[in-house]
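> Handing you a structure now.
The values are calculated or read from the model by the stated rules, or taken from the named source; none is laboratory data. Everything numeric in this text was worked out from a predicted model, so none of it was measured. Ideal geometry is used to build each Cβ from the backbone, glycine not excepted, and the neighbour counts take in all protein chains shown. These accessible areas exclude ligands, DNA and RNA; they are computed on the full protein's heavy atoms, side chains included. Shrake-Rupley method; radii C 1.70, N 1.55, O 1.52, S 1.80 Å.
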Amino acid sequence: MSAEPGHASTLYDSIGGADALRVAVDRFYQKVLGDPQLAPYFDGKDVSAIKRHQVLLLTTILGGPGAYGGRDLGEAHAALAITGDDYDRTVGHLVAVLDELGVQGDAYETLASAVLGTRGAIVTGEAAEED
Ligand code: HEM
């Protein structure tokens with residue numbers, strides 16, 4: 001709530017900045033890794049690094065500082081053969097977290113549309129041709 005003078009307010013600020021995004025991303029991965037249908041994708045992966053990149057990506061989407069330095073999303077997910085069903089489950093967990101944290105309005109719309117725009121890059125598994 002304490003915007004610095006001369007610092008244009010962004011959606012990133014409006015949801016509570018870095019702390020809020022870290023909480024959101026932590027909760028999101030708790031749900032994803034607690035989902036037996038999704039957890040196996042993360043076997044042997046460096047979840048802290050993924051979370052760090054996820055926070056940066058969401059920061060960028062919401063107009064916050066810094067730049068996303070992770071891999072292109074298509075490249076990062078290419079070897080995983082993620083199905084459309086598993087993608088939808090994952091997005092469901094993300095939406096649940098945003099709801100739990102009371103993210104609404106422009107910030108919600110901006111995140112939801114940016115995330116849904118990743119479907120084509122991320123879904124490469126066998127159910128992909130269904131839609
Ligand atoms: C919903 C949209 C999604 C977004 C925005 C997203 C975003 C990301 C980001 C930013 C990374 C880190 C890339 C890097 O470290 O360079 C990542 C990695 C990863 N994601 Fe996603 N992801 C999404 C969906 C999914 C889904 C549906 C799954 C599986 C169910 C998944 C599984 C993984 C795994 C296993 C990695 C690590 C890959 C590796 O290190 O080899 N992601 N994702």
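> Suppose we filter Thr60, Thr110, Thr124, Thr118 for residues that are farther than 21 Å from Tyr12 by Cα and either open to solvent by less than 40 Å² (accessible area, probe 1.4 Å) or among the hydroxyl-bearing types (Ser, Thr, Tyr) (or both); which single one remains?
Values: Thr60 fails: farther than 21 Å from Tyr12 by Cα; Thr110 fails: farther than 21 Å from Tyr12 by Cα; Thr118 fails: farther than 21 Å from Tyr12 by Cα.
None of the others qualify; the one that does is Thr124.
> Among the listed residues Ala79, Ala67, identify the single one that is out of contact with any helix residue (DSSP H, G or I) (no Cβ under 8 Å at 6 or more places or on another chain) and not polar (S, T, N, Q).
Ala79
> Let me ask something else about it. I'm trying to understand the selection: among the residues of the stretch 73-107, which are near the ligand (Cβ under 8 Å from one of its atoms), within 14 Å of the chain's Cα centre (by Cα) and open to solvent by 50 Å² or more (accessible area, probe 1.4 Å)?
Arg89
Yes/no matrix, rows are residues, columns are (1) modelled with pLDDT of 95 or more; (2) farther than 19 Å from Ala121 by Cβ; (3) out of contact with any Pro (no Cβ under 9 Å at 6 or more places or on another chain):
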position	(1), (2), (3)
Ala8	no, yes, yes
Arg22	yes, yes, yes
Lys31	yes, yes, yes
Thr60	no, no, yes
Gly70	no, no, yes
Ala76	yes, no, yes
Ala96	yes, yes, yes
Val103	no, yes, yes
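> List pairs: first in the stretch 26-42 and surrounded by 12 or more Cβ atoms within 10 Å (Cβ to Cβ), second in a loop (DSSP other than H, G, I, E, B) and at pLDDT 95 or above, Cβ under 9 Å, 6+ apart or cross-chain?
From residues that are surrounded by 12 or more Cβ atoms within 10 Å (Cβ to Cβ), the pairs are Lys31/Leu38; Val32/Leu38.
> To continue, here is another question. Give me the pairs, please: first residue somewhere in the stretch 44-65 and more than 20 Å from Glu109 (Cβ to Cβ), second residue anywhere and near the ligand (Cβ under 8 Å from one of its atoms) and open to solvent by 40 Å² or more (accessible area, probe 1.4 Å), beta-carbon distance under 6 Å, and either six or more positions apart or on two chains.
Qualifying pairs under 6 Å: Leu56/Tyr68.
> I'm trying to understand the selection: among the residues of the stretch 63-72, which are under 16 Å from the mean Cα position of the chain (by Cα) and either loosely packed, with under 14 Cβ neighbours inside 10 Å or more than 9 Å from the ligand (Cβ to nearest atom) (or both)? Outline the logic, then answer.
If we filter the stretch 63-72 for residues that are under 16 Å from the mean Cα position of the chain (by Cα), which is where we start, we get 63-64, 67-72.
Of everything in the stretch 63-72, those that are under 16 Å from the mean Cα position of the chain (by Cα) and either loosely packed, with under 14 Cβ neighbours inside 10 Å or more than 9 Å from the ligand (Cβ to nearest atom) (or both) turn out to be Gly63, Gly64, Ala67, Gly69, Arg71, Asp72.
> While we're looking at this one, here's another question. Considering only the stretch 43-57, state which residues are within 14 Å of Ala114 (Cα to Cα) and open to solvent by 40 Å² or more (accessible area, probe 1.4 Å).
If the condition is that a residue be within 14 Å of Ala114 (Cα to Cα) and open to solvent by 40 Å² or more (accessible area, probe 1.4 Å), then Gln54, Leu56 are the ones that fit.
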